[in-house]
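Read the figures in this text as sums done on the coordinates, not as results from a lab. Worth saying up front: this structure is predicted, and the values here are computed from it rather than measured. No Cβ is skipped: glycine too gets one built from the backbone with ideal geometry, and neighbour counts run over all protein chains shown.
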Amino acid sequence: MRPKVLVTREVFQETLDYLVRFFEIESNQSDAPLTPAQLANRLADKEGALTTLSERVDAALLAQCPQLKAVCNIAVGFNNIDLKACQAHGVMATNTPGVLDDSTADFTLALILATARRVTESEAWLRAGQWSGWKLKQFLGTDVHHATLGILGMGRIGQAVARRARGFDMTVLYHNTRRLSAEVEKSCHAAYVSMDELLARADILTLHMPYSPATHHIIGAKELARMKSTAILINAARGGVVDDQALIEALQQGRIGGAGLDVFENEPKLDPRFPGFKNVALTPHIASSSEATRRNMAMLAAENLVAALTTGKPPNLLNPPV
Ligand code: DGY
């Protein structure tokens with residue numbers, strides 16, 4: 001008998017073709033997000049799960065899934081998974097690091113350019129049929145080239161953003177819980193500064209840290225007040241690292257130049273005030289969503305699941321071996 005696994009959301013056919021070689025699969029290809037009760041019900045007889053950030057894996061769920069041995073997230077972020085609860089229930093948890101760094105960094109540059117050069121705002125205006133002719137002062141934006149880019153969170157994705165910034169002749173400053181080696185700093189052409197200095201000097205501040213209690217609202221009212229009134233804030237990391245209410249107040253009061261946001265608190269519910277700001281570019285959590293990268297993420301998660309249930313040693317294990 002092959003182990004039973006649940007695929008919680010729609011995945012690519014090749015992901016299913018691979019998994020079916022090892023497992024008996026139940027797959028939610030209809031893609032409707034499962035409620036906690038539906039998830040518990042479907043996982044009750046499963047040994048493994050291929051999950052996404054829309055499923056919460058916590059002690060309450062795990063208590064109802066006695067056979068579960070592995071939860072493999074199709075995401076590098078894993079704030080939807082309670083690792084302590086997994087450990088307590090003997091469940092391996094994995095993520096998909098590495099495969100989405102470049103696509104997410106590319107998209108970060110897209111958000112920077114869209115916000116600074118008013119791409120989404122002017123496109124919406126054009127589509128609405130409002131263009132009557134070229135004007136010298138039409139949609140004056142902010143230059144990205146030679147601007148000072150502040151990167152908060154300098155892991156793989158932050159470093160990939162820094163390398164791209166070089167092509168725009170930007171000055172790159174960063175702050176991170178740990179300072180990088182001199183060699184890595186040199187390869188990224190990035191200078192380490194304090195959080196205070198980062199906030200004060202950045203023309204564009206971009207965030208690249210995981211969400212955790214330690215990073216909850218790492219950008220709040222106090223931090224926004226330290227930023228230049230012309231500065232642009234970019235968040236393609238996670239909702240919750242920015243205090244959305246504080247950001248909205250800063251935008252309302254003109255205390256910040258603009259924002260490029262791919263992630264939000266309470267996703268997928270968008271605070272209705274965000275679309276009202278012309279100086280905010282909005283996208284629906286798609287920073288890693290190139291076709292190739294999403295395929296790679298799904299396949300890496302599937303490989304983690306196969307390794308977890310066949311060898312007990314998945315390559316991207318997040319919790320200590322159980
Ligand atoms: C991740 O990998 O954490 C992304 O946010 C998923 O899109």
Over 26 Å between Cα atoms, which of Lys269/Lys313; Lys222/Lys278; Lys228/Lys269; Lys84/Lys186; Lys84/Lys269 qualify? Lys269/Lys313; Lys228/Lys269; Lys84/Lys186; Lys84/Lys269
Taking the Cα centre of each part, how many Å lie between region 63-93 and region 222-246? 31
Once Asp17 and Glu183 are pulled to full extension, the length gained, defined as 0.36 nm per residue separation minus their Cα-Cα distance, is 55.5 nm
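Determine, from the Cβ-Cβ distance of Thr171 and Met1 and an R0 of 56 Å, the FRET efficiency 1/(1 + (r/R0)^6), rounded to the nearest 0.05.
Using R0 = 56 Å, I get an efficiency of 0.40.
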Angle check, please: helix 156-165 long axis (alpha carbons) against the longest principal axis of the chain (alpha carbons), in degrees 0 to 90, nearest 10. 30
Whichever lysines have a C-alpha closer than 17 Å to that of Lys4, once near sequence neighbours (fewer than 8 apart) are set aside: Lys46, Lys69
Note on region 35-107: contact order normalised by length, alpha-carbon pairs under 8 Å, 6 or more apart, percent, works out to 30
Restrict the search to region 116-161; then list the trypsin sites (Lys or Arg not before Pro) that DSSP places in a loop and that have at most 15 other Cβ atoms within 10 Å of their Cβ. Lys135, Lys137
Could you calculate the contour length gain from Glu291 to Gln138, that is, 0.36 nm times the residue separation minus the distance between their Cα atoms, to one decimal place in nm? 51.6 nm
Nearest-20 debye value, the chain charge dipole, Cβ charges on Lys, Arg, Asp, Glu: 460
Add -39500 (n - 2.57) for each DSSP H run of 4 or more in the chain, then divide by its residues: what number comes out at 222 nm, to the nearest 500 deg cm²/dmol? -9500 deg cm²/dmol
Percentage relative contact order, region 68-140, counting C-alpha pairs under 8 Å, at least six apart: 26
Dipole check, the chain, charges on Cβ (K,R +1; D,E -1), about Cα centroid: among Pro284, Ala202, Leu19 the Cα furthest to the positive pole belongs to Ala202
Would you work out which of Thr35, Ala259, Tyr211 lies farthest towards the positive end of the dipole of the chain? Charges go on Cβ: Lys and Arg +1, Asp and Glu -1. Ala259
Note, region 206-218: 3J(HN,Hα) by Karplus (6.51, -1.76, 1.60, θ = phi - 60°), whole Hz, Gly/Pro = x, goes 10, 10, 9, 10, x, 8, 7, x, 6, 9, 4, 6, 5
Paramagnetic reach from Lys84 (point 7 Å along Cα→Cβ, amide N under 17 Å) across region 32-76: 57-63
Segment Trp131-Arg255, length gained on full extension (0.36 nm per residue, minus Cα span): 41.7 nm
Over the Cα atoms of the chain, how large are the radius of gyration and the largest Cα-Cα distance (Dmax), in Å? 21.3, 71
